[in-house]
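Peer 1: Sharing a structure below in structure tokens format, with a few things to ask.
Just so it is clear, none of the values below were taken in a lab; they were calculated from the coordinates. None of these values were measured; they are calculated from a predicted model. Don't worry about glycine lacking a Cβ; one is built from the backbone with ideal geometry, like all the others, and counts go over all protein chains shown.
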Amino acid sequence: VLLTPKYVPLVKRLPETTTTVRRWSLEADDALRDCFESTGRDVLLPIPKLEDTVRRYLAAQRPLLNDDQFRRTERIAHDFQSGVGKQLQEELVAQDKNKTHTSYISEPYLYWYLSFRDSMMLTNPYVVFNPDPKTEYNDQLVRATNIVCSAVRFMKTLRAGLQESGVCHLNPTKSETDGFKRVFRWAPSFRSRPIDLSPFFRLFNSTRIPKRRVDELFTDDKARHLLVMRKGNMYVFDSLDGDGNLVTPAEIQSHLRYILSDPTPAAPFPLGVLTSENRDVWAGLRDKLMAAGNTEDLQIVDSALFCLSLDDEGMRDRFHLSDNMIHGDGCNRWFDKSLTFILTKDGQAALSFDHSWGDGLALQVFQNEIFEETTERPLVHPGSAAAAAVDSASAVRRLQFNLDSELENGIKKAQENFDSLMSTLTIDAMEFKKGGKALLKKSKLSPDAVAQLALQMGFLRQYGQTAGACETCSTAAFRDGRTDSIRPVTLQTQRCSHAFVFQPGRHSVEQLQAMLSECSAYHRQLIEEGIMGQGFDSHLFALHYLADSKAEALHGLFTDPAYAAIDLSILESSTLTSPAMDYAVIFLYAPDGFGVTYSVLDDRIGCTASSYPTRNGREFLQCVHKSLEDIFTVLEGKTLG
């Protein structure tokens, strides 16, 4: 029997040694999913009306195209709506009626990720934890032990169906209250929904297996061991006992101490770097690894609860930290694992995850839980050295793989490819300290709208043109809802950006403030449509996926250069803000674009941008900073110089 949410905090406070939460061991994915309580699991992602999707698509294209280009795209879109698109829509709706446990977009998104052939480093998100407020708990061994214990406890709670979902707020002033939390599942008027946690069955004991053309996801929830990497070497030990309970924190600390003190030198041929390779190349090398007698050890890696990467280097600054958390030297990571924690020598922590199965908002629930428990209720403490119940030398096993010359050469080549790719990537950061969410809300502006506007203004200031932009929007309020995209470039933001950047003297402060309000109001509408599954990107993507499955030529909508251009946005952005998170980094898909993450806090705005040599990320962020200065100057009632 699943406990109701109001009893979950009480269960969580019970000592680990007095509570036995039984593990579920079900073979079928659907059965495993259903053992997780998700109050929104029966709320499926709605399929928008085709005419609404076409209208929204054309509205997003209008500021990016000249008149002739837009008329052509408009004609193609309307032809699609009345012909092939209508047939595809009917087929998509019919298919959706037969799906009772998943959304219409789940399969297309999963296929897209699993068929992506470039390095997984380009799709895996990376989220850096804030430091523990108690500095002495930022010791690498102490923090790693507490994170491992907390993650395993989270897994037990999740599999027992006791994990509370987070909440997706459409109106936080009404729903972020204690009263709401008691009644939210019966109060749709609050316009909030619980975040769907059904994808979390892939969070633990899971790995993405490289296959030619399309990868596979593997899960073995019976495994009890943890994978630890250090200096490119791989170690395993059991973090659950035979009954499925967490072993004592002292045991885990002892095992990690043993690994950290192991004098084994860095692996001469670190297997982990193979997971950074092109997926088809890695699939071929993995087959050779298995043929060389490494099948059992690879299965041990694949089935591990998660991966813990212990790095031997301290961080010099924020840029060094970003580089390390994203990839390090490529040798001390197993990018295929569904979940990896990374701990630097000076105790800074991050997590990364395989994007094929999960998205940022749901993972934020997990990260917040880990951070809260490790900082407020840590299980081990600085200076603690309780005797472990087992001998770590016998409990910890270092995996050793059989490698022939072909495999060794494959590892060398993978390292060269890794170094080449990473040498072209630049990560820059900026922090605006002259204002933030508090002042924006006082001005009745959407903080997210202003942040997106500043990105557009920054690009316009740097390059003199309007760039296509895409902001990730979570649809996690729906079962397997995944994400959709907000298209923040609008006629309103285009007009406002040009006024601020090129024509500040032609407009009064009041006129500029009115433009900001117009941008904010329309952006709020886009956010609400996106959260409610009424964006156009996912819908068109599903229709495109369905059309691709037929032995017919694609409609001109999907071959229109304007469609390809908006699909590969120059400004790819995402925002996540939480007490647990310092910042996040996303890679960019467009080789001539920026991958931007940002956080709008009460008194400041932080922004990180990744880019390749075709763009100057540092200069871009300087332009974004200048744009924010201008916006806040106008909000203070001052004219622009």
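Peer 1: Cross-link partners among lysines for K437, C-alpha distance below 30 Å, same-chain residues fewer than 8 apart left out?
Peer 2: K134, K174, K181, K626, K638
Peer 1: Then there is this: Please list, or write none, the lysines whose alpha carbon is within less than 16 Å of the alpha carbon of K345, excluding same-chain residues fewer than 8 places away.
Peer 2: K231
Peer 1: Mean separation of Cα pairs under 8 Å and 6+ residues apart, divided by the residue count of the chain: what relative contact order is that in percent?
Peer 2: 21
Peer 1: Based on DSSP loop calls and a cut-off of at most 13 other Cβ atoms within 10 Å, the longest stretch of the chain free of exposed GluC sites (Glu not before Pro) is what?
Peer 2: 314-551
Peer 1: A further question on this structure: May I ask you to sort K337, K437, K412 by Cβ crowding, counting other Cβ atoms within 10 Å and putting the fewest first?
Peer 2: K412, K437, K337
Peer 1: Continuing with the same structure: Using the number of other C-beta atoms within 10 angstrom as an exposure proxy, rank F366, F341 with the fewest first.
Peer 2: F341, F366
Peer 1: Additional query: Which net charge results when you count Lys and Arg as +1 and Asp and Glu as -1 among the other residues whose beta-carbon is under 14 Å from that of P210?
Peer 2: Result for the local shell: 0.
Peer 1: What helices does the chain hold that run 30 Å or longer along their axis, going by alpha-carbon atoms, with a Kyte-Doolittle average of -1.0 or more, using DSSP H for the helix calls?
Peer 2: Those that clear 30 Å and a mean of -1.0 are 509-531.
Peer 1: Under unit Cβ charges (Lys, Arg +1; Asp, Glu -1), what dipole magnitude, rounded to 20 debye, does the chain have relative to its Cα centre?
Peer 2: My answer is approximately 1420 debye.
Peer 1: Which residues' amide hydrogens lie under 5 Å from the amide hydrogen of H225, considering only partners 5 or more residues apart or on another chain, with H built in the peptide plane?
Peer 2: Amide H neighbours of H225, under 5 Å, 5+ apart: S239, L305.
Peer 1: Considering every pair of different Cα atoms, what Kirkwood radius, in Å, is found for the chain?
Peer 2: Its Kirkwood hydrodynamic radius stands at 25.9 Å.
Peer 1: Could you list T340, T493 so that the one with the fewest beta carbons within 10 Å of its beta carbon is first and the one with the most is last?
Peer 2: Result, fewest neighbours first: T340, T493.
Peer 1: Measure out, as a whole number of angstrom, how far apart the alpha-carbon centroids of the range 381-451 and the range 497-538 sit.
Peer 2: Here the two parts' Cα centres lie 35 Å apart.
Peer 1: Under a Cβ-Cβ cut-off of 13 Å, what is the net charge of the residues other than T466 that fall near it, where Lys and Arg count +1 and Asp and Glu count -1?
Peer 2: Residues near T466 contribute +4 overall.
Peer 1: While we're looking at this one, here's another question. Determine the calculated [θ] at 222 nm for the chain from helices alone, applying -39500 (n - 2.57) to every DSSP H run no shorter than 4 residues and normalising by the residue count; nearest 500 deg cm²/dmol.
Peer 2: -13000 deg cm²/dmol
Peer 1: Determine the percent antiparallel among the DSSP beta bridges restricted to the chain, to the nearest 5.
Peer 2: Close to 75 percent.
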